[in-house]
Amino acid sequence: MKFQKKTRTLKSGKQITVRAPEESEAQSLMDLKRGYIKNTSTLPWTLAEYPKDIGNELKLMKEYRESENSILLVAEYEGELIGNIDITGSKRLKMAHTGMVGMGIKEDWRNQGLGKALMECAIEWAKNSSEIEILWLDVYASNELGYNLYKNTGFEVSGIIKGFFKEENGYMDKVQMYQRIK
């Protein structure tokens with residue numbers, strides 16, 4: 001589904017653009033994702049798991065571009081990709097009205113309103129341009145910034161799974177959240 005790019009002003013006064021990524025940005029997008037996976041402990045990925053093959057990134061970008069109930073967006077500041085968000089709509093007919101939200105932000109851009117800008121753009125797209133009726137996501141219980149962002153953008157807790165994520169130093173709870181948008 002098409003997305004009309006949007007400009008947003010962050011808390012710092014910096015203006016960012018939220019838009020669909022171009023194929024030519026596949027390497028930059030992959031580098032962005034690998035960078036925030038490396039620098040956070042609140043994502044269910046390890047750096048070793050995330051593909052280094054640009055062909056995989058291009059394939060993923062194409063799948064989002066061609067899907068009616070999924071979207072991939074990036075945030076850009078002065079030509080640099082600083083964050084991304086995706087809604088992955090279910091391919092199962094009985095769940096095609098649901099979409100899982102995933103997001104990542106470059107470390108030095110966190111807590112500046114970028115997550116809110118990305119989330120608002122994704123929710124707006126889902127409400128106006130897709131068959132999505134319910135958005136859902138999982139968040140580490142230790143991820144207070146993420147949890148508060150999701151709560152402040154309309155998500156509600158639907159459940160907690162104790163000890164869901166296995167970390168090097170023990171287990172972490174998973175908080176499941178959802179938002180009915182239609």
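I'd like to verify a number: residues in region 125-161 that are polar (S, T, N, Q) and in a strand (DSSP E or B), how many?
Residues that pass the stated criteria total 1.
Of everything in region 1-52, what is part of a strand (DSSP E or B) and not basic (Lys, Arg)? Give them in sequence order.
Across region 1-52, the qualifying residues are 7, 9, 15, 16, 17, 18.
I'd like the full set of residues that are closer than 18 Å to residue 5 by Cα and surrounded by fewer than 19 Cβ atoms within 10 Å (Cβ to Cβ), limited to region 82-120.
113, 116, 120 - these are the residues of region 82-120 that are closer than 18 Å to residue 5 by Cα and surrounded by fewer than 19 Cβ atoms within 10 Å (Cβ to Cβ).
Would you be able to say whether some residue in region 127-137 is modelled with pLDDT under 95, more than 25 Å from residue 74 (Cβ to Cβ), touching a strand residue (DSSP E or B) at 6+ places or on another chain (Cβ under 9 Å) and not charged (D, E, K, R)?
No, every residue in region 127-137 fails to be modelled with pLDDT under 95, more than 25 Å from residue 74 (Cβ to Cβ), touching a strand residue (DSSP E or B) at 6+ places or on another chain (Cβ under 9 Å) and not charged (D, E, K, R).
Just to be sure I understand the filter: pairs with C-beta atoms under 8 Å, separated by 6 or more residues or on different chains, first member in region 63-74 and surrounded by fewer than 18 Cβ atoms within 10 Å (Cβ to Cβ), second member part of a strand (DSSP E or B). Which pairs pass?
Within 8 Å, the pairs are 65/72; 67/89; 68/89.
Across region 81-114, what is the total count of residues that are touching a residue at least 40 places away in the same chain (Cβ under 8 Å) and of a type in the set (Gly, Ala, Ser)?
Looking only at that region, the number is 4.
Given the conditions (1) without any contact (Cβ under 8 Å) to a residue 40 or more places away in the chain; (2) part of a helix (DSSP H, G or I), report the number of the one that residue 117 does not fulfil.
(1)
Collect the residues in region 162-182 that are in a strand (DSSP E or B), of a type outside the set (Asp, Glu) and surrounded by 13 or more Cβ atoms within 10 Å (Cβ to Cβ), keeping them in residue-number order. Don't jump to the end; show me each part of the working.
Within region 162-182, the subset in a strand (DSSP E or B) is 162-167, 170-180.
Going one step further and asking which of them are of a type outside the set (Asp, Glu), we end up with 162-166, 170-172, 174-180.
Those that are in a strand (DSSP E or B), of a type outside the set (Asp, Glu) and surrounded by 13 or more Cβ atoms within 10 Å (Cβ to Cβ): 164, 165, 172, 174, 175, 176, 177, 178, 179.
Does residue 98 satisfy being at pLDDT 95 or above and more than 17 Å from the chain's Cα centre (by Cα)?
On the way: at pLDDT 95 or above: yes; more than 17 Å from the chain's Cα centre (by Cα): no.
So residue 98 fails the test.
The values are calculated or read from the model by the stated rules, or taken from the named source; none is laboratory data. None of the values given here were measured: they were computed from a predicted structure. Quick reminder, even Gly has a Cβ in these numbers, built from the backbone with ideal geometry, and neighbours come from all protein chains shown.
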